[in-house]
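Notes follow the structure.
The values are calculated or read from the model by the stated rules, or taken from the named source; none is laboratory data. Predicted model only: the values in this text are computed from it and were never measured. Here the Cβ positions follow ideal geometry from the backbone for every residue, glycine too, while neighbour counts run over all protein chains shown.
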Amino acid sequence: MLVEIPAQGEYDTEEAGRAELLGLHLTGSRTPLYLIRSWEEIEHDRALARVLGPEQPIISVGLPHGKTVEDFPADAHAWADWALARLERLPGASFRRLAGWSMGGILAYEVAQRLARKGEPIEFVSVLDTFVPVQRPSRHRQRVHRSSFHRSVRNLDHFLEERTWPKRRAYLRARWKRRREKLAKQTKALRSWWRGADADDDRPMRGLDPVDGKFVTMSGERITLLQRTIWVSYRKYRPGPCTFPLLVLRTAKTHAMCGDVGLGWGAYAQGDFQSVLVPGRHFTMWDEPHVQVVAEKLGEGLRAFARVETPRDVAPDTRRSAG
């Protein structure tokens, strides 16, 4: 069932959290924008709806629920199938415009891939601050492992090859310098991991209280089953090429982490492609005034890529939440 909630004011948060489909501005005249959620992003959707205006209908796909690992999708492809199955319950709807934030961007991309393979015309897909996961090869895969005794003998041999004491002292100083630099680098990385990089700027995701975690990782950390699903699905994901228009909205920090202006999506986009910088960071991009720019850039992408506004899809019967 599709539950409609207001873009402003109060609403039944419990009912909205349980709903598989949420609607905002369903009476708007434009073609609906379908958002794929991967976390508690209802307030993000409401912020977008307020800026895009009452003429832009938004339908948001909810989250899988369960109590065991088996209740959640095994990977991004299974999750995309789950989301598409919910969307296809809407009678008469056509899913030509999709978007998603973070892991939701990957899901929106995958849902669009499935629709495109069915011959559906995809006018617009946007991934909001989502970079393509990179599977980096192990640093030690090509390394020949030596015992500590072997390394000590090799270093002693290099030391004795230096025929004069000044050269030997220079050799020892160089080795100690490299060791100190390596130790400093490892210490900095450990402190960053322990304290959390930029912890004062990036807020934690809601619902990540380790006390509530139902799943224990190999390192002993407690996380929720949904968090586990997001992490596993993201790390396993490998996108395929697409021909539909693709808009990437990126923050400066995500751009710096990824090292690519297209956040890795340019290698797969064979149609119209654009990457736009938006203010804020991964979480704070949804705060005022950043969300104003995010929504404006999303609206500009809709107008630029979709080009021609099509008649609004017929919305199914809806039930308005309280508030």
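Here are the numbers for this structure:
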read-out	value
Residue in segment 276-290 that is assigned by TED's automatic domain parsing to the domain that holds E40, aliphatic (A, V, I, L, M), under 15 Å from the mean Cα position of the chain (by Cα) and modelled with pLDDT under 90 present	no
Sole residue being assigned by TED's automatic domain parsing to the domain that holds I230, out of contact with any Asp or Glu (no Cβ under 6 Å at 6 or more places or on another chain) and either closer than 26 Å to L225 by Cα or in a loop (DSSP other than H, G, I, E, B) (or both), chosen from A93, A116, A78	A78
Any chance H44 is in a helix (DSSP H, G or I) and either in the same structural domain as S233 (by TED's automatic domain parsing) or among the acidic types (D, E) (or both)	yes
Exclusive hit being in contact with a strand residue (DSSP E or B) (Cβ under 8 Å, 6 or more places away or on another chain), crowded, with 16+ Cβ neighbours inside 10 Å and among the charged types (D, E, K, R), set E110, E20, E15	E20
Selection count, segment 230-273, where residues are modelled with pLDDT under 90 and either of a type in the set (V, I, T) or farther than 19 Å from V134 by Cα (or both)	1
Total residues in segment 1-48, condition among the polar types (S, T, N, Q) and within 22 Å of the chain's Cα centre (by Cα)	1
Residue in segment 266-285 that is outside any helix (DSSP H, G or I), of a type in the set (A, V, I, L, M, F, W, C), exposed (fewer than 15 other Cβ atoms within 10 Å of the Cβ) and on the phi < 0 side of the Ramachandran plot present	yes
Test: residue in segment 252-262 that is assigned by TED's automatic domain parsing to the domain that holds L98, over 14 Å from V51 (Cβ atoms) and assigned to a strand (DSSP E or B)	no
Some residue of segment 61-74 being at pLDDT 95 or above and under 24 Å from W286 (Cβ atoms)	yes
